[in-house]
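Read-outs throughout are calculated quantities, based only on the coordinates presented, and are distinct from any laboratory measurement. Keep in mind it's a predicted model, so treat the numbers as computed, not measured. Glycine gets a Cβ as well: all are built from the backbone with ideal geometry, and neighbour counts include every protein chain shown.
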Amino acid sequence: MSTPAPAVPAPGADTEGVQAAATAVARGTRLPGWFVILWRNRKCRIGILMLAAFVLVAVFAPLIAPYDPRDDAFPTSLGPTADHWLGTTAQGEDVFSQLVVGARTSLVVGLAAGVLSTLIGLVVGLTAGFVGGWVDEVLSFLINLGLVVPALPLMVTLAAYAPVRGLWLIIIVISVTGWAYGARIKRSQIITLRTRDYITAARFAGDRTARIIAREIVPNMTSLIVVGFMGAALGAIGGEAGLAFLGLGDPLTVSWGTMLNQASLGGAMLTGQWAWLIAPGLALSLLITSFTLINFGIDALSNPHLRED
Amino acid sequence: MALLEVDHLSVTYTPRDQPANRAVHDVSFHISEGEFVGLLGESGCGKSTLGNAVLRLLSPPARITGGRVTFDGVDLTTADEEKLRELRWVDLSTVFQSSMNSLNPVIRVHAQFADTFAAHKVPGDVTERATELLELVALDRRVLRAYPHELSGGMKQRVALALALALRPKLVLLDEPTTGLDVVVQRGILTRLAELRRELGFAVLFISHDLGTVLEMADRVMVMYGGEIVEDRRAADMLREPRHPYSRGLLGSYADPRLPDVRVSYIPGRPPDLSRPHTGCLFAARCPHVEDACRTTHPDLLPDRHGLVRCLVAQSDRLPVVTLGSADAATTLGSHFPATGTLDRPADAAEAAPVLTVTGVSKRYTTRRGLRTSSVEAVRDVSFALRPGVVTALVGQSGSGKSTLARIVTAVERPTSGEVRFTGDDGTDVRVDRLRGAALRDYRRHVQMVFQDPFSALNPTRTVAYALSRPLANFAGLRGAAARERAAQLLESVGLAPAGQFLDKLPHQLSGGQRQRVVTARALAPDPRVLIADEPISMLDVSIRAEILELLGDLVRDRRLAMLYITHDLLSARLLADEVLVLNQGVLVERGPTREVIGAARDEYTRLLLDSIPNPFAKAAAG
C-alpha cells in the first residue's frame with residue numbers, strides 16, 4: 001500500500017507486468033507495444049536494422065547473387081575482380097554468390113533450431129515446473145543431464161555418426177543439444193507463477209491443467225520465451241557454422257560454415273584470397289552481433305526499469 | 001528552528017511511457033525535536049514518495065521538481081552524497097515496510113550490527129552495544145547469533161528498528177513499519193516504540209495508511225490526499241473534530257467492535273488521476289459536502305482551529321458537526337454501512353439445514369528432513385456448520401490454521417482425520433474430503449472462493465470478460481454472446497455498472513476495490529451455494545473496505561449463500577458476520593453469535609485479539 005502512484009515493478013524475475021506495460025506503451029501508435037519498446041533502444045534499433053538486412057538478402061538471394069553458387073565454370077582461385085567481387089573458390093565458384101545464398105542457410109538453421117529447442121525447452125520446463133513431484137524429478141534429471149553434457153563434442157559425435165546427411169540433421173542435432181538451458185529457466189519461472197492466486201482461481205473456475213498452462217501461464221512468460229528463442233537461435237547459427245567448418249555439415253548446401261571449411265581446405269591463406277576467408281567469417285559475426293544487439297532491447301522488454309533512460 | 005523543515009516540496013514522476021505524474025505537490029511542514037508526527041493517506045497519495053524525498057532516496061523517473069528539505073540546518077536537496085552519507089543513519093534513520101527484507105540473509109544479526117558500527121566508526125564492544133539495542137526492542141541476546149531467516153517477521157522488524165536506533169538518530173522515518181504483520185505482533189512493536197521514544201527522545205515521522213495506528217501513536221497528524229497535505233492538526237484535536245471531509249471519511253471507517261451498535265462509513269469514488277490537470281479541490285468528486293466553489297477554486301492550506309486545513313467549506317465554517325465513533329456519525333458522513341450483525345437477519349436462518357458440515361477435522365503436516373521427520377498439527381478437532389444466508393466468521397492471528405481450514409473446506413487439501421460433508425439443493429450428500437477428478441470439479445461449482453489479494457487473483461494478461469467467461473463456460477455451458485451477456489449481469493450485480501465499461505479492461509486498469517468486485521463476480525458466476533472469503537478486504541484501502549463488506553453482506557442475504565469469512569480483523573467480523581469462531585493454534589477456543597463473542601469475550605485469546613486492534617477512540621476516552 002505504500003507504493004507510489006506509478007508503481008515500477010521490481011527488476012528481474014517478474015515477467016507478468018510486461019504484457020500490461022506493452023499494451024500501455026502502444027497507446028497512440030499503430031505499432032504493437034513490444035515493438036515500440038524495442039525500437040526505442042538505440043542498440044536494439046541497430047540490431048533490428050542489421051537483422052532486417054540479412055533477412056532481405058536471404059529472401060532475395062536468387063535475385064542478388066550474380067551467379068549460381070554451385071557453378072564452377074569460372075577460373076579457380078581468383079582474387080577480387082570486377083566480375084567476381086570476392087574472387088572465386090579453388091573449384092572455380094563465385095564467392096560473393098555463395099556468401100549471399102549462405103545467408104539463407106544460417107537464418108533457416110537459426111530459425112528452425114531456435115523454434116525447435118525453444119519448444120522442447122517449453123514443454124519439458126512447463127511440465128516439470130507445473131506438475132511437480134516425481135515427474136519433476138525425472139525431467140529435472142534430464143535437464144541437468146542436458147546441461148552438463150558438453151554440447152560441441154556431442155554435436156560432433158551425433159553429426160559424424162548419423163546415417164543421414166542434410167540440413168535437417170544439423171537442425172535436429174543442434175536442438176537436441178541446446179534445449180536444456182531454456183528448460184531450466186522456464187521451469188523456475190513457472191514454479192513462481194503456479195502458486196499465484198489467479199491459477200488457483202482458474203482451477204476454481206473449472207479449467208483443466210492444459211488450459212491453465214496454455215492460457216493463464218504462457219502469456220505471462222512471453223518475454224522469457226522470446227529471450228530463450230533469441231539465445232537458442234544464436235547458439236544454433238554458431239553451432240551450424242562450427243559443424244560445417246569441421247566438415248560435418250551438409251556438403252550439398254552452401255553455408256558460411258562450409259565456405260570457411262572450403263576456404264581452409266583450398267588454402268585461401270596461401271593463395272592470398274583474403275576475401276574468401278574473411279567474408280563468411282565477417283558475415284557470421286555481424287549476424288551474431290545483430291542478435292546480441294536486439295537482446296539489449298529484449299532486456300528492456302522484460303525489465304521495465306531499463307526503459308527509463 | 002525545527003529539526004526537519006520541508007518547504008514547498010514537489011516531486012514529479014516522469015516515466016517515458018506515461019504522462020508525468022505530480023506525486024507530491026507543494027508540500028510544506030516541519031517536525032520539531034522529539035516530536036512524533038504521523039503522515040496519513042491511502043495508496044497512491046504520495047506519502048511514501050514524500051518520505052523518500054526527505055531521505056533523498058528517490059530514483060528515476062521520480063525527481064524533486066521544486067522546494068527544499070532542511071534537516072538540522074543542512075539543505076538535503078542540494079547536499080552532496082558524502083554529506084548525505086554522514087547524515088543518514090547517524091542523525092536520520094529509517095525503517096521501511098519491507099525492512100525485514102533489508103537484513104542481509106547470509107550474515108548473522110551480530111554482523112549486521114558490527115557493519116553499522118564499523119561504517120560510522122563507533123568505538124566499543126559490538127556485542128555489548130548490540131545486546132543493549134536488542135533489549136530496547138525487547139529481544140533476547142540470543143537473536144544476535146541468528147540468521148535473518150531464523151527469525152519471525154515481527155522479530156526481523158524489531159531488529160530493523162534496533163538497527164535504525166543504533167546510532168541514536170535525531171529523526172527516525174518509519175514507513176508503514178507494521179503493515180503486513182499480525183495484529184498482535186503489531187501491537188507489541190508499537191507499544192515498544194512508544195516507550196522507546198519517551199526514553200530516548202527522538203523525533204518520528206510515521207507514515208501509514210492505518211489511521212487507527214497513527215492517531216494512537218502520534219502527537220500531530222498530517223493527512224495527505226492527491227499529493228497534497230489536506231489537514232495538519234494535533235492528534236487529539238483530529239480525533240475530537242477532524243475538519244477536512246476526507247479526514248472525517250477516514251475516521252468514519254473506524255469503530256470499536258465491542259460497542260452494541262457499530263457503524264462505519266466509507267468514501268465512495270476513487271482518488272484523482274494526478275497526471276491530469278485539475279481545477280478546484282482534488283477531493284470534490286468524492287466529497288459529501290461539496291459546494292459549487294469547490295469545483296472551481298483550489299483551496300489553500302490555511303490555519304483553522306489550532307491546525308491547518310485545505311477545505312473551502314471548513315474554512316468558511318459550514319461543515320456539519322459530528323461526533324465521531326458514535327452511531328450518528330456514520331449517517332452524517334454520507335455513505336455508511338451499519339453493522340448487520342444479528343439485527344435484520346431472517347429468523348429462520350439459524351434453523352435452516354446446513355449446506356456444509358465440518359466434523360472433527362484435524363490436519364497434520366509432516367516434513368521429512370534427512371532421516372528425521374517432524375510434524376505440525378495445523379488444525380485440531382474442528383467442527384462447525386455453514387448455513388444458507390448466514391455469515392460465519394473464522395477469526396485468529398496468522399498461523400492459527402484459518403487458511404488450512406479454508407483449503408480443506410474447498411477440497412484443495414484433505415484433512416488427516418474428520419469429515420467434511422456438503423449437502424446440495426437436491427439433497428445429495430457429498431463427502432468433500434474424498435473428492436477427486438470430475439467429482440471435485442463438480443463440487444467447485446457449489447463452493448467458490450474470494451481471494452485475499454485482488455492484485456494477484458486476476459491474471460494480468462486477461463480481460464475481465466475472459467476471467468468471467470471461464471466459470472460460465474465450464475459450469476453453465478455458456479459461450480460467446482450468451483456468456484458475455486451473463487458476465488455483464490454479474491458485473492452489475494457486484495456494483496460495476498455500466499458493465500460495458502469494464503468487460504474489456506485489463507486488471508491493471510482497475511482500482512483495488514474494482515478488482516475485488518470482479519473477483520467476487522467470478523466467484524458468483526457458477527451460482528454457488530457456499531462462498532469462502534479469505535481476508536477479502538485486508539489488501540484494500542481503508543476508505544473502501546466497508547464498501548466491499550457491504551457488497552458481500554448483501555450478496556449473502558439476497559442469494560441465500562452460506563459464507564465463511566476468514567479474517568484477523570474483528571471489526572469487519574463484527575460488521576459482517578452472524579456468528580464467530582475464534583481459532584487459536586488450530587483449536588476453536590470460542591464460538592457463538594457475533595455480538596456475544598465480540599461484545600463479551602470469555603476467552604483470553606479473543607480478548608487479546610480485541611485489545612490489539614488499533615483504537616484511537618479508546619485513547620480519547622481514556623485521556
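From the P(r) of region B:456-527, can you give the percent of Cα pairs sitting at distances over 18 Å?
Details: 652 of 2556 pairs.
The share of Cα pairs beyond 18 Å in region B:456-527 comes to 26 percent.
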Problem - Neighbour-count ranking [beta-carbon atoms within 10 angstrom, fewest first] of B:156, B:505, B:83 - result: B:83, B:505, B:156
Exercise for the section: Starting from the amide H of residue B:394, placed 1.01 Å from N in the peptide plane, find each other amide H under 5 Å away whose residue is 5 or more places distant or on another chain. Expected result: B:565, B:566, B:567, B:581
Practice task
Express as a percent, rounded to the nearest 5, the fraction of DSSP beta bridges in chain B (both residues included) that run antiparallel.
Solution key: 60
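Using mean Cβ contacts within 10 Å as the protection proxy, how do A:99-105, B:605-611, B:479-485 order, highest first? Show your work: numbers first, answer last.
Numbers: A:99-105: 24.4, B:605-611: 18.1, B:479-485: 13.4.
Packing order, densest peptide first, comes out as A:99-105, B:605-611, B:479-485.
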Practice task
Measure out, as a whole number of angstrom, how far apart the alpha-carbon centroids of region B:447-512 and region A:129-183 sit.
Solution key: 42
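Could you please rank A:255, B:493, B:400, placing first whichever residue has the fewest other Cβ atoms within 10 Å of its Cβ? It would help to have the intermediate numbers written out before the result.
Numbers: A:255 29, B:493 19, B:400 24.
Taking fewest neighbouring Cβ atoms as first place, the list is B:493, B:400, A:255.
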Practice task
Under 12 Å from the Cβ of residue B:574, count the other residues' Cβ atoms, weight Lys and Arg +1, Asp and Glu -1, and hand me the total.
Solution key: -3
Exercise for the section: Count charges around residue B:535 for me, please; just the other residues with Cβ under 9 Å from its Cβ, Lys/Arg as +1, Asp/Glu as -1. Expected result: -2
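Within 10 Å of each Cβ of B:450-458, how many other protein chain Cβ atoms are there on average?
So the per-residue partner count for this stretch is 4.
From the C-alpha gyration tensor of chain B, pull out the three semi-axes of the equivalent ellipsoid (sqrt of 5λ each), sorted largest to smallest, in whole Å. Numbers along the way, then the final one.
Working: eigenvalues 349, 201, 115 Å².
After diagonalising the Cα gyration tensor, the semi-axes are 42, 32, 24 Å.
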Practice task
Quick one: grab the alpha carbon gyration tensor of region B:425-566, order the square roots of its eigenvalues as a ≥ b ≥ c, and give me rounded if a/c is under 1.5, else prolate or oblate depending on whether a/b is larger than b/c.
Solution key: oblate
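Roughly how many debye, to the nearest 20, is the charge dipole of the protein assembly as shown about its Cα centre, given +1 on each Lys and Arg Cβ, -1 on each Asp and Glu Cβ, and no other charges? Display every interim value, and only then the final one.
Numbers: 95 positive and 93 negative charges, 332 e Å.
Value, rounded to 20: 1600 debye.
Applying 1/(1 + (r/R0)^6) with R0 = 56 Å to the Cβ-Cβ distance of residue B:434 and residue A:269, what FRET efficiency is obtained, to the nearest 0.05?
Values: r = 77 Å, r/R0 = 1.38.
E between residue B:434 and residue A:269, to the nearest 0.05, is 0.15.
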Exercise for the section: Could you please state, rounded to a whole Å, how far the C-alpha centre of region B:166-190 is from the C-alpha centre of region B:4-45? Expected result: 21
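Send over the per residue convex hull volume for region B:99-168, Cα only, as a whole number of Å³.
Working: hull volume 5.3 nm³, N = 70.
Value for region B:99-168: 75 Å³ per residue.
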Exercise for the section: Would you look at the GNM of chain A, springs on alpha carbons closer than 10 Å, and say which of A:218, A:95, A:149 moves the most? Expected result: A:149
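So what's the back-of-envelope 222 nm ellipticity for chain A, counting only DSSP H runs of four-plus at -39500 (n - 2.57) apiece and dividing by all residues, rounded to 500? The partial results should precede the final answer.
On the way: 14 runs with 205 residues, N = 309.
Calculated mean residue ellipticity at 222 nm is -21500 deg cm²/dmol.
Within chain A, which DSSP H helices have Cα atoms that stretch 30 Å or more along the helix axis and a mean Kyte-Doolittle hydropathy of at least 1.6?
Numbers: long enough: A:95-131 (52 Å, 1.81); A:222-245 (34 Å, 1.58); A:274-302 (41 Å, 1.46).
Answer set is A:95-131.
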Practice task
Grab the beta carbon distance between residue B:115 and residue B:200, set R0 = 22 Å, and tell me the FRET efficiency rounded to 0.05.
Solution key: 0.50
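Could you put A:85, A:276, A:134 in order, starting from the residue whose Cβ has the fewest other Cβ atoms within 10 Å?
By the 10 Å Cβ count, ascending, the order reads A:134, A:85, A:276.
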Practice task
Arrange the peptides B:117-126, B:255-264, B:144-153, B:21-30 so that the one whose residues have, on average, the most other Cβ atoms within 10 Å appears first.
Solution key: B:21-30, B:255-264, B:144-153, B:117-126
